[in-house]
There are 2 protein chains.
Amino acid sequence: MLPQLLGYELRLAQQAVFRDFESSVGSLGISAGRVGVLILVEANPGIAQSPLALAVGLDRSSLVPLLDQLEEAGWLERRAGTDRRSNGLWLTPAGTKRLARVKTQVRAHEKRIAARLQPQERAELMRLLRLLAVTP
Amino acid sequence: MLPQLLGYELRLAQQAVFRDFESSVGSLGISAGRVGVLILVEANPGIAQSPLALAVGLDRSSLVPLLDQLEEAGWLERRAGTDRRSNGLWLTPAGTKRLARVKTQVRAHEKRIAARLQPQERAELMRLLRLLAVTP
DNA sequence: TATTGTTATACTCTATAACTATA
DNA sequence: TATAGTTATAGAGTATAACAATA
């Protein structure tokens, strides 16, 4: 039964891709979740914690220790936000530099994964995955 | 960058499918990992712990507490194995009965997920996922 | 009253290393 | 020596509930 279930095949594929990510990008000492946060902060400079938590699918309390670590590593800063309750999140110059290197590795990882498919197969896979990802 | 990465789309799709699984099959009080173990033991009665751990992608030490719980629930038994070091794993009658109900829910879950795709899209997705899941 | 960030706490899942009993 | 199962332990990742500051 298992080998005919979409959820099971999804999990196996995701595990395989995740393993490749960890053994390449992960060698820079950063996890997939942290990379996602850095990329989103770079793309949305000054974003507050709550909307960022929503964007990465975490509870806002779960984001706190993650941001603490990125801040301790010197890659990210909490600055004053738009009101006095919120923090604006910004990459530091060191964070921007580190992220550039990480993104190079991410691109190599993606290329390695995509090499298992024809270009049109990759596009079709993306389309089908997005059909599944809708939350009805 | 994130929204164009296969790994990211895979994770989002898997999360969506997993959420549906948890809210339907999970309401029977059993996790996806446990369902996988029960299905594999049913399909391979008398299987020992080490090959089962390999099959579900866990370390054999990680399987121990999981089997403990299934045994405490009365769904699974460790019996004498082929040699005196190993255990043979078997579903109890209660476990077989429970699994039948679980599998009914799993089928309904799968049907709900597959309904987001055309039948040939589902087949194509399975094929593409298997291409990714190969461990090179 | 509602929202933002934080803390304290706990739970799940998983691995590593060391142990025992067998082989 | 090698294998099967177990234990002790630790770490990552995440959530819930309650709180202070601010809106």
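What follows draws every value from the coordinates through simple rules; no lab data is involved. All values derive from a computational prediction rather than experimental measurement. Because the Cβ atoms are built from the backbone with ideal geometry, glycine has one as well, and the counts that use them run over all protein chains shown.
Is the shape of the range A:1-113 best called rounded, prolate or oblate, per the rule: a/c under 1.5 gives rounded, else a/b larger than b/c gives prolate, else oblate, with a ≥ b ≥ c the square roots of the Cα gyration tensor eigenvalues? In terms of gyration-tensor shape, oblate.
Under a model in which nothing but the beta-carbon of Lys, Arg (+1) and Asp, Glu (-1) is charged, chain A shows a dipole of about 280 debye around its Cα centre. Over the residues of the protein assembly as shown, the helix contribution to mean residue ellipticity at 222 nm works out to -21500 deg cm²/dmol, using -39500 (n - 2.57) for each DSSP H run of at least 4. Across chain B, Cα pairs under 8 Å and at least six residues apart give a relative contact order of 22 percent. With label points defined 7 Å past Cα in the direction of Cβ, position A:GLY74 shows copy-to-copy spacings of 6.1 nm, given to one decimal and shortest first.
In the elastic network of chain B, a GNM with C-alpha springs shorter than 10 Å, the most mobile of B:GLN14, B:GLN69, B:GLN118 is B:GLN118.
Position B:SER86: other-copy label points at 5.9 nm, ordered by increasing distance, label point 7 Å along Cα→C-beta. When only the Cβ of Lys, Arg, Asp and Glu is charged (+1, +1, -1, -1), the dipole of the protein assembly as shown relative to its Cα centre reaches about 360 debye. Would you please state the base-10 log of I(q)/I(0) at q = 0.09 1/Å for the protein assembly as shown, with intensities from the Debye formula using one equal scatterer on every alpha carbon? The calculated log intensity ratios at q = 0.09 Å⁻¹ are -0.53.
For the rotational copy pair A/B, the chain A residue whose Cβ lies nearest the symmetry axis, together with its distance in Å, is A:GLN14, 2. Volume of the convex hull of the range A:72-136 (Cα atoms only), normalised per residue: 158 Å³. Test of understanding: in a Gaussian network model of chain B with alpha carbons linked when under 10 Å, which of B:GLY95, B:GLY46, B:GLY81 would top the mean-square fluctuation ranking? For chain B, modelled as a Gaussian network with Cα springs under 10 Å, the answer is B:GLY81.
Inter-copy label distances at A:ALA123, using a point 7 Å along Cα-to-Cβ, come to 2.3 nm with the shortest given first.
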